[in-house]
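Reading through the structure tokens given below for one structure.
The values are calculated or read from the model by the stated rules, or taken from the named source; none is laboratory data. Predicted model, so just to flag it, every value in this text is computed and none were measured. Cβ coordinates were reconstructed from backbone atoms using ideal geometry, including for glycine residues, and neighbour counts include every protein chain displayed. Keep in mind that these areas ignore ligands, DNA and RNA; they rest on the heavy atoms of the full protein, side chains included. Shrake-Rupley method; radii C 1.70, N 1.55, O 1.52, S 1.80 Å.
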Amino acid sequence: MLLEAFEVLEGTPASREQLERCHAPGYLDQLESLEVPTMLDHDTVASETSYEAALLAAGCALAAVDRGGFALVRPPGHHALPARAMGFCLVNNVAVAARYALAELGLGRVAIVDWDVHHGNGTQDIFWDDPSVFFASLHQWPFYPGTGGPGEENETTVNVPLPAGSGDEDYLLAFDERVAPAVRGFEPELLLVSAGFDAHVDDPLAGMRVTAGGFRELARRSAALAPRVAAVLEGGYDPRTLPALVGAAVEGFRE
Ligand SMILES: [Zn+2]
């Protein structure tokens, strides 16, 4: 349903070397060697085709960087830790894309803005000690995965925990007051968006009230923070609303 709503280009798989910039070789070996459906944590199942799917999803994120596009991928990535799957995520697509931009495109500073309703704990973990990547997350808190609470930050990490029930005005105010000034101060050459749509008012997994217009505005304001922007799909669990929400964000990125 999602892919039918857009003009899409098929991606090519990321390489093992590109994944190893963010993930432990032993963990990738484990994913590659799965032969039957296996629970990797209490809500993350993977099977014999999952490694290929993860390579393709990460590869699409790299193509999005190259083209200034939007990687419409599953599985999502922002909970994936260096050596562990978590929360439906196997490989951290946006993190692999950021390291690709640094290592292969010669960029010096990349910022990631994560507006998925859940905290991007995997992305935060990968870049916590990396001064070349700025990470900012807006998310429902307290909520899964439990991280990203008040005061959890460093020079290149900003967390904006928001109470359940927050809507467009709350998100945009938090974006303008907390996220935008911090990202601007970092002067990123590329902005990557971990674009989840599970903060939508109709999403079944969370309790926020963002509308399509809110996502469009978040996208527009994100794109204004750097000379280049690309997006990677994270959560969004109502297949009936997802195409229109992605469409609203795409419009915002182009404005
Ligand atoms: Zn999410």
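A few points about this structure:
- Condition check for residue 195 on (1) of a type in the set (A, V, I, L, M); (2) closer than 14 Å to residue 115 by Cβ; (3) away from the ligand (no atom under 16 Å from the Cβ); (4) buried (at least 22 other Cβ atoms within 10 Å of the Cβ): one failure, at (3).
- Filtered by the rule that a residue be within 16 Å of the ligand (Cβ to nearest atom) and buried (at least 22 other Cβ atoms within 10 Å of the Cβ), segment 211-245 gives 214, 215, 218, 231, 232, 233, 234, 235, 236, 245.
- Residue 148 meets the conditions (1) within 16 Å of the ligand (Cβ to nearest atom); (2) on the phi < 0 side of the Ramachandran plot in every case but one. The failed one is (2).
- Every pair of residues 6+ apart whose Cβ atoms lie under 9 Å, when the first sits in segment 181-201 and is aromatic (Phe, Trp, Tyr) while the second is surrounded by 24 or more Cβ atoms within 10 Å (Cβ to Cβ) and in a strand (DSSP E or B): 186/111; 186/134; 197/210; 197/233
- Out of 71, 61, one residue alone is in contact (Cβ under 8 Å) with a residue 60 or more places away in the chain, under 16 Å from residue 20 (Cα atoms) and open to solvent by less than 40 Å² (accessible area, probe 1.4 Å). It is 61.
Okay, residues lined up against (1) more than 20 Å from residue 132 (Cβ to Cβ); (2) at pLDDT below 95; (3) over 17 Å from the mean Cα position of the chain (by Cα):
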| residue | (1), (2), (3) |
| --- | --- |
| 169 | yes, no, yes |
| 172 | yes, no, yes |
| 177 | yes, no, yes |
| 181 | no, no, yes |
| 184 | no, no, yes |
| 189 | no, no, yes |
| 195 | yes, no, no |
| 198 | yes, no, no |
| 204 | yes, yes, yes |
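- Subset of segment 100-125 that is closer than 22 Å to residue 66 by Cα, touching a Phe, Trp or Tyr at 6+ places or on another chain (Cβ under 9 Å) and not in a loop (DSSP other than H, G, I, E, B) - its residue that is nearest to the ligand (Cβ to nearest atom): 114
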